[in-house]
Amino acid sequence: MQNRRILYHAVAFIVVAIWGSTFVFTKLLLLGGFSPAQIFALRFLIAYIMLLAFSLWRGIRWLADSWKDELLMLGLGVTGGSLYFVAENGAMTYTTTTNTSLIVCLCPLFASALIGLFYKSQRLNRLQVAGTLMAAAGVVVVVLNGHFVLHLSPVGDSLAFVACLCWAVYSLLMIPANARYDTVFITRKVFFYGLLSMAPYFALHPGLNIHLFMEQPMLLWNLLFLGCVASTLCFLAWTWVMKKLGAVVATNYVYFNPVVTILFAWLVLSESITAFFVLGTMLILTGMYLSDRRKA
């Protein structure tokens, strides 16, 4: 059991590590001429086609057991798909990376509180509360990196906060979904309803700017990474991990997101590692350890 739990934590860390690197790929697509909605639609379309092909090969299940469960899947597709990604990607166009990272990566605080309201069994004890607050403080230290000046942008910061709340609600809705359905079915439904809920937007703003891939071929590789790896594989793994670790513990791994982003920038862009990064990382690691403790 201990070895399996280590595996669950390792998978959660790998998923968040991959998601932490997606900012660079998303930013390049934004700079290449794609809108936040187009990036989301293209990456989710790739992911849905892949999972649909797999489901058809293995024997597909089209609908949930009831219309209420189907609405649950719709909620997952909106909060974990269309609304979350459009809000997060849109925030990057209106505010700084620092603001976006800081607000979005504090979503475990909101997720823990929201889940605790509905599920008494998943409420944090005092030690776990101290741990998640310590990890949140570590995120602040890492993201601000010694520069304690935030450039306020009402639109951008509000969009980042919407994305933060979306992921908290997504984590909450995943609890009953995981209790009744398998990982592949849930993930395919998330992609399907994520795409379907974007239909009104594309009815008003048609087009995916596919021609940009002909003009800038490297952008295609960025999209394939986002669609095949960061969406298909990572969403499957994340749904599985939430089932094994619980929504609260799994969601706390989002705290590692800015750490991975900075490490990725250090490896690829030769950006420096500061003492604030080391201190913040230590706070996050210690907080994560405490938040996984079950004793009061």
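Taking the chain as a Gaussian network of alpha-carbon nodes connected by springs under 10 Å, the highest mean-square fluctuation of the residues Met134, Met214, Met174 belongs to Met214. Within the chain, the cysteines lacking any other cysteine Cβ closer than 4.7 Å to their own Cβ are Cys105, Cys166, Cys228, Cys234. Of the residues Met242, Leu29, Leu224, the one whose Cα sits farthest towards the positive end of the charge dipole of the chain is Met242 (charges of +1 on Lys and Arg Cβ, -1 on Asp and Glu Cβ, taken about the Cα centre). What FRET efficiency would be calculated for the residue pair Arg126, Val24, taking the C-beta separation as r and a Förster radius of 51 Å, to the nearest 0.05? Taking R0 as 51 Å, the efficiency between Arg126 and Val24 is 0.85. Going by accessible surface with a 1.4 Å probe and the largest first, Leu124, Leu83 read Leu83, Leu124. Ordering Val16, Val142, Leu208 by Cα displacement along the dipole of the chain toward the positive end leaves Val16 in first place; charges were set at the Cβ atoms of Lys, Arg (+1) and Asp, Glu (-1).
Put a plus charge on the Cβ of each Lys and Arg, a minus charge on the Cβ of each Asp and Glu, and nothing anywhere else: the dipole of the chain about its Cα centre is then about 1100 debye. With θ taken as phi - 60° and the Karplus curve 6.51 cos²θ - 1.76 cosθ + 1.60 applied, the whole-hertz 3J(HN,Hα) list for segment 127-134 is 5, 5, 4, 4, x, 5, 5, 5 Hz, x standing for glycine and proline. In percent, what relative contact order does the chain have, based on Cα pairs under 8 Å that are 6 or more apart in sequence? Averaging sequence separation for qualifying contacts and normalising by length gives 39 percent for the chain. Which one of Ala41, Gln128, Leu102 is farthest out on the positive end of the charge dipole of the chain, using unit charges on Cβ (Lys, Arg +1; Asp, Glu -1) and the Cα centre as origin? It is Gln128. Taking a label point 7 Å from the Cα of Tyr94 along the Cα→Cβ vector, which residues of segment 159-174 have an amide N closer than 19 Å to it? What the label zone holds, given the 19 Å backbone N cut-off, is 159-168.
Once the 1.4 Å probe is applied to the protein heavy atoms, the chain comes out at 48 Å² accessible per residue.
The modelled label-to-label distance for the pair Lys244/Phe54, using points 7 Å beyond Cα in the direction of Cβ, is 1.5 nm. GNM remark for the chain: springs join alpha carbons under 10 Å apart, and the peak mean-square fluctuation among Lys120, Lys27, Lys189 falls on Lys120. For segment 106-123, backbone phi angles converted through the Karplus equation (6.51, -1.76, 1.60; θ = phi - 60°) give residue-by-residue couplings of 8, 4, x, 4, 5, 5, 4, 5, 5, 5, x, 5, 9, 10, 4, 5, 10, 5 Hz, Gly and Pro being listed as x. Within segment 1-71, which chymotrypsin sites (Phe, Trp or Tyr not before Pro) sit in a loop by DSSP and count at most 11 neighbouring Cβ atoms inside 10 Å? For chymotrypsin sites (Phe, Trp or Tyr not before Pro) across segment 1-71 that sit outside H, G, I, E and B with at most 11 neighbouring Cβ atoms in 10 Å, the list reads Trp62.
Carbon-plus-sulfur accessible fraction, segment 1-130 (probe radius 1.4 Å, protein heavy atoms only): 68%.
Residues Phe235, Phe213 ordered from highest to lowest accessible area at a 1.4 Å probe: Phe213, Phe235.
Averaging the sequence gap over all C-alpha pairs within less than 8 Å and six or more residues apart, then dividing by the number of residues, gives segment 115-266 a relative contact order of 41 percent. Couplings 3J(HN,Hα) for segment 174-190, derived from phi with the Karplus relation 6.51 cos²θ - 1.76 cosθ + 1.60 (θ = phi - 60°), are 5, 4, x, 5, 5, 6, 10, 9, 7, 4, 5, 4, 4, 5, 5, 5, 4 Hz, where x marks Gly and Pro.
The values are calculated or read from the model by the stated rules, or taken from the named source; none is laboratory data. Bear in mind the structure is a predicted one, so any value in this text is a computation, not a measurement. No Cβ is skipped: glycine too gets one built from the backbone with ideal geometry, and neighbour counts run over all protein chains shown. Heads up: the accessible areas ignore ligands, DNA and RNA and are worked out on the full protein's heavy atoms, side chains in. Shrake-Rupley method; radii C 1.70, N 1.55, O 1.52, S 1.80 Å.
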